[in-house]
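The structure appears right after this line, and notes come after that.
The values are calculated or read from the model by the stated rules, or taken from the named source; none is laboratory data. Everything quoted here is computed from the prediction, not taken from an experiment. FYI the Cβ positions are ideal-geometry reconstructions off the backbone, even for glycines, and counts take in every protein chain you see. Quick note on the areas: whole protein, heavy atoms, side chains included, nothing else; ligands and nucleic acids left out. Shrake-Rupley method; radii C 1.70, N 1.55, O 1.52, S 1.80 Å.
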Amino acid sequence: MGTLSLIQDGQTVYRGMRNPSWTKKGIITFKAFLLRPATDTYPAEEEISLGLTVEKAIDELKEHYGVASLSVMRIHWLPHNLSVRVNSKDPMKADIWGLPLHSEEEEQRGRAFTIATELAALANLVLSSISRKS
């Protein structure tokens with residue numbers, strides 16, 4: 001992660017809403033910014049994926065429930081030492097690094113909820129859910 005370039009503060013990034021619980025009446029919920037824990041199929045997430053365009057935010061999702069925009073500057077200004085960096089596999093994607101895992105430990109879980117809530121407050125719904133062609 002150390003060699004990945006920071007996304008400049010003047011940029012806007014986009015989060016694809018892959019779960020219907022990530023928006024409620026047009027408002028982004030904290031659930032859109034919680035790292036996914038490990039499962040039998042996938043390891044725990046270490047970063048939140050974003051697109052540098054609306055299209056890139058949803059291009060890998062089979063279905064989505066909207067897209068949220070966020071200011072990189074406002075993410076960097078949060079007091080949690082988060083960084084928005086270019087994705088290692090796709091230069092048109094980015095990732096938010098520095099988020100705590102939603103864990104069983106109460107303090108870490110509390111930090112995860114706090115940061116996710118603050119990120120959700122910065123997010124604006126820019127695209128509602130649409131059907132994807134197969």
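Among the residues of the range 47-77, those that are on the phi < 0 side of the Ramachandran plot, touching a Phe, Trp or Tyr at 6+ places or on another chain (Cβ under 9 Å) and open to solvent by less than 30 Å² (accessible area, probe 1.4 Å) comprise Ile48, Leu50, Gly51, Ala57, Ile58, Val67, Ala68, Ser69, Leu70. The one condition from (1) open to solvent by 50 Å² or more (accessible area, probe 1.4 Å); (2) without any contact (Cβ under 8 Å) to a residue 24 or more places away in the chain that Ser21 does not meet is (1).
Scanning the range 91-133 for residues that are open to solvent by less than 30 Å² (accessible area, probe 1.4 Å), assigned to a loop (DSSP other than H, G, I, E, B) and over 11 Å from Glu47 (Cβ atoms), we see that the one that is modelled with the highest pLDDT is Ala123.
Out of curiosity, is Val67 out of contact with any helix residue (DSSP H, G or I) (no Cβ under 9 Å at 6 or more places or on another chain) and within 25 Å of Lys24 (Cα to Cα)?
Values: out of contact with any helix residue (DSSP H, G or I) (no Cβ under 9 Å at 6 or more places or on another chain): no; within 25 Å of Lys24 (Cα to Cα): yes.
Here the answer is no, as Val67 does not meet what is asked.
Where strands (runs of 3 or more DSSP E) fall entirely within the range 1-83, none has at least 3 residues that are of a type outside the set (Phe, Trp, Tyr) and over 14 Å from the mean Cα position of the chain (by Cα). With respect to (1) closer than 13 Å to Ile96 by Cβ; (2) open to solvent by 30 Å² or more (accessible area, probe 1.4 Å), the lone exception for Ala44 is condition (1).
Inspect all residues belonging to the range 4-17 and state whether any of them is aromatic (Phe, Trp, Tyr) and open to solvent by less than 70 Å² (accessible area, probe 1.4 Å).
yes
Among the residues of the range 12-22, none qualifies, meaning not one is modelled with pLDDT under 95, β-branched (Val, Ile, Thr) and within 23 Å of Pro100 (Cα to Cα).
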